[in-house]
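Notes follow once the structure below has been shown.
Every number in this text was worked out from the coordinates using simple rules, so none of it is lab data. Nothing here was measured: the structure is a model prediction, and the numbers come from that model. Virtual Cβ from ideal backbone geometry, glycine too; neighbours counted across all protein chains shown.
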């Protein structure tokens, strides 16, 4: 047997690695599929909540328009959205200005 002859264990190891790669690929595919389905359901849920919020805003507007007139209803709804929008802008700015957390150590040990 010469040193340049292929050794049989190489092909066995290659087959074993290919089998393992296929198993890991299948495993990862199942996880990815689960997350895609979960994200799709979450998206539909968020859209339905937004539709429900739209109906709620329309109902409040209708109530206000019947009792106080259309101009007052528009004023109240516009003011409400202005206040909520400003609160959201301020909260977002506060969150964005927070300092970044420090980089983790390469050793994985936490400082006490």
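Computed from Cα positions, the angle between helix 70-97 and the longest principal axis of the chain comes to roughly 40 degrees. Relative to the dominant Cα principal axis of the chain, helix 8-68 is inclined by about 0°.
Ordering 96, 77 by the number of other Cβ atoms within 10 Å of each residue's own Cβ, fewest first, gives 96, 77. Based on alpha carbons, the Rg and Dmax found for the chain are 29.9, 100 Å. At q = 0.20, 0.23, 0.26, 0.29 Å⁻¹ the log10 of I(q)/I(0) for the range 51-112 amounts to -0.85, -0.94, -1.03, -1.12, computed by Debye summation with a single uniform scatterer per C-alpha, solvent ignored. Among 45, 79, 92, determine the one that fluctuates most according to a GNM of the chain built with springs between C-alpha atoms less than 10 Å apart. In the Gaussian network model the winner is 92.
The slack between residue 55 and residue 13, meaning 0.36 nm per residue of separation minus the straight C-alpha distance, is 8.8 nm.
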